[in-house]
Amino acid sequence: MRHRCRVHQLSKPADQRRALLRALTTELIRNGRITTTRTRAKAVRSEVDRMITLARMALYRLVGKP
């Protein structure tokens, strides 16, 4: 059973999965939209949320809270 397993495997080895998620995340941040499968989109969502959070935290450190 795969209870509480957080990583979407995407039927790929770890290095290929990391490269795929990195490429999709970069494309989504640059263009605001990607065309992909629902499973890959769900896997990318957590990566993009993490990147947005890091960017907001860095902005708050530089500028201060609005």
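The values are calculated or read from the model by the stated rules, or taken from the named source; none is laboratory data. Please read all numbers here as calculations on a predicted model, not as lab measurements. Cβ atoms come from the backbone with ideal geometry, glycine included; neighbour counts cover every protein chain shown.
Here are some notes:
- The numbered conditions (1) surrounded by 14 or more Cβ atoms within 10 Å (Cβ to Cβ); (2) in contact (Cβ under 8 Å) with a residue 12 or more places away in the chain; (3) charged (D, E, K, R) are all true for Lys42 except (1).
- Of note, Ala58 does not satisfy the criterion of being part of a helix (DSSP H, G or I), surrounded by 12 or more Cβ atoms within 10 Å (Cβ to Cβ), out of contact with any strand residue (DSSP E or B) (no Cβ under 9 Å at 6 or more places or on another chain) and at pLDDT 90 or above.
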